[in-house]
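This report refers to the structure that appears directly beneath it.
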Amino acid sequence: MNRLLVHNGTCVLVCDGSIALFHVNVGDAQAISLKTIKTLHEPHPATRDLGTDRPGRSVDAMGGSRSSVAQTDFHDAAEVTFLRNVCDTLDEIVRDKQAKAVIVIAPPRALGVLRVHLSSEVRRVLQAEFDKDLVKMPTPKVEEYLQAKGMLR
């Protein structure tokens, strides 16, 4: 297996469904030093706070049976919209040559949404993906995580 090397100029995106931290490695591959270049934060209230009070009802025309209609998950929709904006920002960073390579660290669900919406330019420089929720961890812990991943690979 190849060793993960986080070279100088590598963009490290750490995000979940409501917070995105864009870091760039200002150190070298042996001594990772992440500097935050951009932060996106969009708190999403629970679906119960966003939608109507109860799911709707439908009545069957033949027989009059009633059933409930599933309520739209507004919280999930807001997270997907946020993650699409994260992809746009990441694309902008790569296009402006602020990053030579990209590493993405996100929980599995968010990572799945990101994969769908990453541009071809970002995919070309994507070095690694990690399905881990590190968004609430301090930057030195993220550096340690990446350093450890470099040793294991």
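Values as computed for the structure displayed
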item: Residues satisfying the stated conditions in region 95-153, i.e. in contact with a strand residue (DSSP E or B) (Cβ under 8 Å, 6 or more places away or on another chain) and acidic (Asp, Glu); result: 129, 131, 133, 143
item: Region 114-146, residues that are in a strand (DSSP E or B) and among the charged types (D, E, K, R); result: 129, 131
item: Residues that are surrounded by 16 or more Cβ atoms within 10 Å (Cβ to Cβ) and farther than 23 Å from residue 79 by Cβ, drawn from region 113-127; result: 127
item: Options 114, 50, 146: the member that is at pLDDT 95 or above and not acidic (Asp, Glu); result: 114
item: Residue 88, sole failed condition from (1) surrounded by fewer than 17 Cβ atoms within 10 Å (Cβ to Cβ); (2) at pLDDT 95 or above; (3) farther than 16 Å from residue 125 by Cα; result: (3)
item: Output for region 18-43, where each listed residue is crowded, with 23+ Cβ neighbours inside 10 Å and small (Gly, Ala, Ser); result: 20
item: Verdict on residue 143 being in contact with a helix residue (DSSP H, G or I) (Cβ under 7 Å, 6 or more places away or on another chain) and either acidic (Asp, Glu) or open to solvent by 50 Å² or more (accessible area, probe 1.4 Å) (or both); result: no
item: Scan of region 94-112 for residues that are touching a residue at least 60 places away in the same chain (Cβ under 8 Å), closer than 13 Å to residue 15 by Cβ, open to solvent by less than 80 Å² (accessible area, probe 1.4 Å) and assigned to a helix (DSSP H, G or I), ordered by number; result: 110
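The values are calculated or read from the model by the stated rules, or taken from the named source; none is laboratory data. In this text, all values refer to a predicted model and were calculated from it rather than measured experimentally. Virtual Cβ from ideal backbone geometry, glycine too; neighbours counted across all protein chains shown. Surface accessibility is based on the protein's heavy atoms, side chains included, excluding ligands, DNA and RNA. Shrake-Rupley method; radii C 1.70, N 1.55, O 1.52, S 1.80 Å.
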